[in-house]
There are 4 protein chains.
Amino acid sequence: MDFFHQYDQLLSQEELGHVQRAREFCEGAFSESIFAAHLAGEAIPVEWIGKWAATRMLGLQAKRTHSGHEASYICKIRVAQEMALHGFAAAFCLNHHQGGVTRLSQTGTPAQIEHLLTPALRGELLLTSAMSELSGGSDVAALTTSATPVAGGWSLSGTKAWLTNGMVVSGLIVLARVPDAAGAGEIASFYVPLDEPGTFQRKEIMVPGARSFRLAEISFSEHFIPEWAAIAAPGAALKASMASVNAARVHVAAMCVATLQSALSEAIAYCERRQAFGKPLVAHQGLRWELAEVSVRLEAANALVFRAAEQIQIGGKPVSLAAQAKKFAVDTAIWGIDQCVRIVGATGASAAHRLNMHFAEVRLAAYADGTNEMLLDRIGRGLPSGYRN
Amino acid sequence: MDFFHQYDQLLSQEELGHVQRAREFCEGAFSESIFAAHLAGEAIPVEWIGKWAATRMLGLQAKRTHSGHEASYICKIRVAQEMALHGFAAAFCLNHHQGGVTRLSQTGTPAQIEHLLTPALRGELLLTSAMSELSGGSDVAALTTSATPVAGGWSLSGTKAWLTNGMVVSGLIVLARVPDAAGAGEIASFYVPLDEPGTFQRKEIMVPGARSFRLAEISFSEHFIPEWAAIAAPGAALKASMASVNAARVHVAAMCVATLQSALSEAIAYCERRQAFGKPLVAHQGLRWELAEVSVRLEAANALVFRAAEQIQIGGKPVSLAAQAKKFAVDTAIWGIDQCVRIVGATGASAAHRLNMHFAEVRLAAYADGTNEMLLDRIGRGLPSGYRN
Amino acid sequence: MDFFHQYDQLLSQEELGHVQRAREFCEGAFSESIFAAHLAGEAIPVEWIGKWAATRMLGLQAKRTHSGHEASYICKIRVAQEMALHGFAAAFCLNHHQGGVTRLSQTGTPAQIEHLLTPALRGELLLTSAMSELSGGSDVAALTTSATPVAGGWSLSGTKAWLTNGMVVSGLIVLARVPDAAGAGEIASFYVPLDEPGTFQRKEIMVPGARSFRLAEISFSEHFIPEWAAIAAPGAALKASMASVNAARVHVAAMCVATLQSALSEAIAYCERRQAFGKPLVAHQGLRWELAEVSVRLEAANALVFRAAEQIQIGGKPVSLAAQAKKFAVDTAIWGIDQCVRIVGATGASAAHRLNMHFAEVRLAAYADGTNEMLLDRIGRGLPSGYRN
Amino acid sequence: MDFFHQYDQLLSQEELGHVQRAREFCEGAFSESIFAAHLAGEAIPVEWIGKWAATRMLGLQAKRTHSGHEASYICKIRVAQEMALHGFAAAFCLNHHQGGVTRLSQTGTPAQIEHLLTPALRGELLLTSAMSELSGGSDVAALTTSATPVAGGWSLSGTKAWLTNGMVVSGLIVLARVPDAAGAGEIASFYVPLDEPGTFQRKEIMVPGARSFRLAEISFSEHFIPEWAAIAAPGAALKASMASVNAARVHVAAMCVATLQSALSEAIAYCERRQAFGKPLVAHQGLRWELAEVSVRLEAANALVFRAAEQIQIGGKPVSLAAQAKKFAVDTAIWGIDQCVRIVGATGASAAHRLNMHFAEVRLAAYADGTNEMLLDRIGRGLPSGYRN
């Protein structure tokens, strides 16, 4: 029984075709290229963005009227999982571009669609969300970036940090506080083009071993936002952001289980091949049990991720379940890949295996869309209503 | 979203009715009675067997022509889960009686059905399988109980141990070696009535805290088995036994997650009620995170158990998945109930809560249908074919 | 190298003699008797209190002028460990009696010594501390028991819970609030004799599997305390209680490691003896690794407990270290004994082994002198000063 | 109480001076330089070898007649720990050079001392042991490198792998099989100079994130070894290698606890400084408990490592204890540093902290002087004699 069969059962023939195309794209040159970049301590070559866009995958969930595929949530997950088998960072970051297009197609204003959609579909205009600031990831009350109304738009000042793909994006979806008369102000969101150097500064946040995320910090000093670029009105931005967080968490979780599945497969194959003390490693009972235990938790993570994904697919709002799935999938992936690296011995840490790349990259999953601590708090709040005798 | 909704989606209206009747049976007097028995260090009152039989639940999977319900596997699981919310041992042991009836109805010979089915359906004739011996649970090669052909049947000698419900059953399904000319012999199975005192001896295996399993050791000394009582021919018994082991493992796993769900609910309710340092326990972040983590792993176990159950429901043979589900569900239940007991403080170990009963009873799940060690070995053997790049 | 050699290196010849006498006392009839009591679901026979007192062990730390031995802290620990090898509850509870005598001899007033010391040394007058109340273990601000001044003493009202040996003690050291004019009041402590039935009520807190702790709840309704029975003045009681908590925590931790050492030894011996699949259990690599991992953490716990004990022995106040040692020793003992029970298979849960008794009893260590949650909070507060670059 | 006080109590004044000098050497430029190298994906600058040699630290355990300090084992450990607070790889690798000098001074022949000692003390001639081969680390029976007697010495052929400092050493202590007439042969050891290019080849084993170990694979093709370079005769080399393995394991374990202590201190300092939701991170109970739990296991590891080190210091052969200490210290360090990285949030993975460097480097400890799997096997063999009732 295939590892992904629960998901695939819910896909249409067309969607299965998308998954198949993603699989074919990833095998071969792509897979080798992203691994080589890791070994060189560099980010994934930027050319892959265009090649991925050329397969029309960026429009996976865009409307058909926008040349998209209107694929379902689970289809999107499966596409990302196919890539995550080869590399977590690649899957996370290339699919991140797809998220920007989807949002534009589904909720953009006509003006935004007109300005942005075509280049976005082509991978020429890359977007990312900008919520976190240096002073803290999830503490929204502490958000200090401000968008002050000026003629024809707003003037943006402040610094956003931990921007995925931040080194290559040409636009941000920024959450900023719009000051009111009383000096306080509510949070709105804006499309912020990064095409006027001089009023913004970008620098890489160096994360050794995980440069493919191209994390950046971008500072604005009276940076102009045109009127047509408004997204959510003051007071509405957080709600919109919250509405998508369940799906985002399960998406990350789904990539984590795929990467762990790949790591486990690689470790097992090595342990079948390699001999010690006169028999294959996998024939040593203690080692075999260690691998078996990884498979046990991997399957649990996979089943839980599917359960949460199914709820999102049918339009549910599985707040607790999505948080539980992400917490468990991330913990299991980090633990499980570490086990795989260690089980195969010192070679696991070397360039002879992709294990070490998986290990370095999947760790970043812990920070996306809620750290463990945020998730435990979120789950904790739902316990009394969720578990009643 | 209900904890059991994945399972319930696959049930017919009639089957949902069985689940509902089981739920109603368990609430109230039954639930109080089994807890009182635990506190008194005694087994569940034997009268509950007859009352449960009176609801016609023992025929849950028996053929309709035998007055059974022909309920599906997942229906059986859900009925057991409803009882496991109140007590694991009760659920395990009462449903164990149901297993004997099912086997009889589905695979018994006409003579066996004639002799045994009616009293079995009424809970008057209780059966259990007898495979393990004192010298070892799962090492079949070491099985020494023998059934020697004699006039009109066989003569049984040897000792069977770890018999669930062993103190109350009136018949066993015994695996025994039928000697051949060469002095070796293959393993067959027999229905062995326990109605001729003098040729068998029964004694309780004392398991403090878990006497409701009524574990017994039964020794035979030239005990007569009538001809009509043969079940599997020499060489065929183990295969039959293996065929049912996946379903049995997932069944146990399903009860484990139900009992943990109940324990977690009880702990949360207590932590909402109880104050310390000026606020409810659940308002203390550290404690709340501990409860949340239990919920995370519980949901993972539940989703994995469902995935395995679904495969069995559709007739699959999920050897690895069933073993993975049992390993994970048992580990999670034992760990999680322990967490619940400890989180609520010393009171958790006292008679004020059912937590301590759950904790003492669910531990026995680790030994039924394969210990962790057997499961890891089983899973380990399947790894190379199960996880391929 | 002996498991206890670090401790024993710090003992005098006389003290090593105490340890040796304790060892001899515990072997044989005592060890069998406490195990039989566990299997019967009863507390340890009360006669062992007198027999232990007859070895003059209750005066282990009493002054020589009071016929005591003035033994050091580590000697006391080692005596308790010798008993904990046979049973944790026995060690905890019999040594608890010794604690009452020590306090009396070292800090009692002449009147208290005159009234109480001789019967206490003989094990005829048993004492325990009474701090916890039903509404909460460690939340001192919520303490409601009151001692109102009356002619010739105080009048005590309120309920104390979770009293170790509570079913057999004839006196308590009670912490109670002495009301002031403003209606508030500070906490004082008193010796409270339990010899006037009618003004107090005692009932057992039923803890299945651990009745040897004889946990009780005792309620007072205008119970008279004579003037000579005052111990700490209002405002001073908590400080005195805090002064001894480090030593108490390490004491419990020391018994935990001894009980785990005993459990591991029992499991190893069984796995050497028992065959499966043609060789001893211990020859199966997976199982052997599981046992080895228990030994790894046991040795870590033992070394940490020793480090904390050494600090207390030399008069230090290792607040964090004592809390760390207790947290780790308790967690390791509960986990490790569970592993031992499970490794040996179903037999581990039965009356054939002492493992199950160890498992049921050592769990209570988690509640004595600070739950895990209290300890983490205590350790957490010390982190900034304890770990500086 | 200082984290290292148990160790320091056993040092002489002179030895405490060595520790103090090491501390001063590491602070400042050295510490910054090794961190910068990590961020750049490079090995530690090679110049530090000479500077460290200039402090005469390479002769720490050399004989006084060889200008060494004759420092004790625990002094050596403490020096390494001072460096490990700044970086694990630096500590491991610079102290590795010291090991070569010590062996030479203590057991070298007069000819070897004459040829090698002076440049070795100056850090001009660097040595490392070469035992592992590509086909397997610890499976000595599979060792294939051969040293065939030739005129004036031996001719070496084969490939050695996983050589610490392998990219910079100018000599190896090679274990090789000396063929006998029958075609088999026993294992001997040799000093093998790497000064004749043409008969050997060296290449880096790329380990992303841990290049400071300078791991290399070196192949020999009829490489000449002069007669005076023999170390252990055929049959004696493994015994010599085994004699030092306990001390080597505890040495690694001691550096692990130091690096974790440093990581925990860094995390705590950050959590005191950084605010979220209106208070410092460390004031959030859940997070504080996570940090506290790291401290608990760190202290356990530290105490266990000390216990094993003390045995080695007094000349014991703590085979099991050394293996237990290494297993626990490595596991705790890898787990604990991971916790620290994650607790501080995404910043923990970035160049703003040394945490990520510690995390990447300490993982290599798992492979030095016995993987977890080898250690569990070693410990497992000692269980029956080590834990007896």
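Every number in this text was worked out from the coordinates using simple rules, so none of it is lab data. Owing to the predicted nature of the structure, the values given are computational and were not obtained by experimental measurement. Methodologically, a virtual Cβ is constructed for each residue, glycine included, from the backbone with ideal geometry; neighbour enumeration extends over all protein chains shown.
Nearest chain C C-beta to the C/B rotation axis, reported as residue and distance in angstrom, is C:Gly41, 2. Exposed loop sites were defined as GluC sites (Glu not before Pro) in DSSP loop states (anything but H, G, I, E or B) carrying at most 13 other C-beta atoms within 10 Å; in chain A the longest segment without such a site runs A:125-389. Taking 26 Å as the limit for the C-alpha separation, the pairs A:Lys203/D:Lys203; C:Lys160/C:Lys326; B:Lys326/D:Lys326; D:Lys160/D:Lys239; B:Lys63/B:Lys160; C:Lys326/D:Lys327 exceed it in the case of A:Lys203/D:Lys203; B:Lys326/D:Lys326; B:Lys63/B:Lys160. The alpha carbon centroids of the stretch A:66-94 and the stretch B:349-389 are separated by 35 Å. Remark: the stretch B:318-389 carries a charge dipole of roughly 160 debye about the Cα centre, counting +1 on each Lys and Arg Cβ and -1 on each Asp and Glu Cβ.
Computed from label points 7 Å out along Cα-Cβ, the spacing between B:Val46 and A:Asp2 is 5.5 nm.
For the stretch C:269-278, backbone phi angles converted through the Karplus equation (6.51, -1.76, 1.60; θ = phi - 60°) give residue-by-residue couplings of 4, 5, 6, 7, 6, 7, 9, 8, 6, x Hz, Gly and Pro being listed as x.
For D:Lys63, the amide hydrogen comes within under 5 Å of the amide hydrogens of D:Gly68, counting only partners 5 or more places away or on other chains and with H modelled in the peptide plane.
In this rough spin-label picture, where each label sits 7 Å from Cα along the Cβ direction, the B:Ser170-B:Val150 distance is 2.3 nm. Of all DSSP beta bridges in chain A, what percent run antiparallel (nearest 5)? In chain A, approximately 85 percent of DSSP beta bridges are antiparallel ones.
In order along the stretch D:362-377, the Karplus-derived 3J(HN,Hα) couplings, from 6.51 cos²θ - 1.76 cosθ + 1.60 at θ = phi - 60°, round to 5, 4, 5, 4, 5, 9, 7, 6, x, 6, 3, 5, 5, 5, 4, 5 Hz, and Gly and Pro are given as x. Relative to the longest principal axis of the Cα atoms of chain B, the long axis of helix B:13-26 lies at roughly 80 degrees.
For D:Ala351, the residues whose amide H sits under 5 Å from its own are A:Met206, ignoring neighbours fewer than 5 places away on the same chain, with H placed 1.01 Å from N.
Only beta bridges with both residues in the stretch D:102-250 are counted; by DSSP, about 85 percent of them are antiparallel. If you take the Cα centroid of the stretch B:225-267 and the Cα centroid of the stretch C:151-188, the two points sit 55 Å apart.
The mean number of Cβ atoms from other chains found within 10 Å of a Cβ in peptide D:314-320 is 1, as a whole number.
FRET efficiency for the C:Glu14 to D:Thr107 pair, using the beta carbon distance and R₀ = 41 Å, is estimated at 0.35. Between C:Arg122 and C:Ala236, full extension at 0.36 nm per residue minus the direct alpha carbon distance yields a gain of 38.1 nm. Inter-copy label distances at C:Ser157, using a point 7 Å along Cα-to-Cβ, come to 6.6, 7.7, 9.9 nm with the shortest given first. Computed about the Cα centre, the dipole magnitude for chain D is approximately 660 debye when only Lys and Arg (+1) and Asp and Glu (-1) carry charge, each at its Cβ.
Annotation for C:Arg274, label-to-label distances across the other copies: 3.3, 3.5, 4.8 nm (shortest first, one decimal, point 7 Å from Cα along Cα→Cβ). Compute the signed sum of charges (Lys and Arg +1, Asp and Glu -1) over the other residues within less than 12 Å, Cβ to Cβ, of A:Val101. Spelling it out: positives minus negatives among the neighbours equals +4.
Taking Lys and Arg as +1 and Asp and Glu as -1, the other residues whose beta-carbon sits under 10 Å from that of D:Ala349 total +2.
Charge tally around D:Gly370: other residues with Cβ under 11 Å, Lys/Arg +1 each, Asp/Glu -1 each, net +1.
Phi angles across the stretch A:185-194 convert, under the Karplus curve 6.51 cos²θ - 1.76 cosθ + 1.60 with θ = phi - 60°, into 3J(HN,Hα) values of x, 9, 9, 10, 10, 9, 7, 10, x, 10 Hz, Gly and Pro given as x. Summary for B:Met206: label point 7 Å along Cα→Cβ; distances to the equivalent points in the other copies, ascending, 2.0, 6.7, 6.9 nm.
A simple spin-label model places the labels of C:Met206 and C:Glu24 4.2 nm from each other, with each point 7 Å out along Cα-to-Cβ.
Each Lys and Arg contributes +1 and each Asp and Glu -1, all at the Cβ; summed about the Cα centre of the protein assembly as shown, the dipole is approximately 0 debye.
With contacts taken as Cα pairs under 8 Å at a separation of at least 6 residues, chain A carries a relative contact order of 15 percent. If amide H atoms are built 1.01 Å from N in the plane of the peptide, which residues on other chains or at least 5 residues away come under 5 Å of the amide H of B:Phe224? Those lying under 5 Å, H to H, from B:Phe224 are B:Leu156. Averaged over the residues of peptide A:347-354, the number of Cβ atoms from other protein chains lying within 10 Å of each residue's Cβ is 5.
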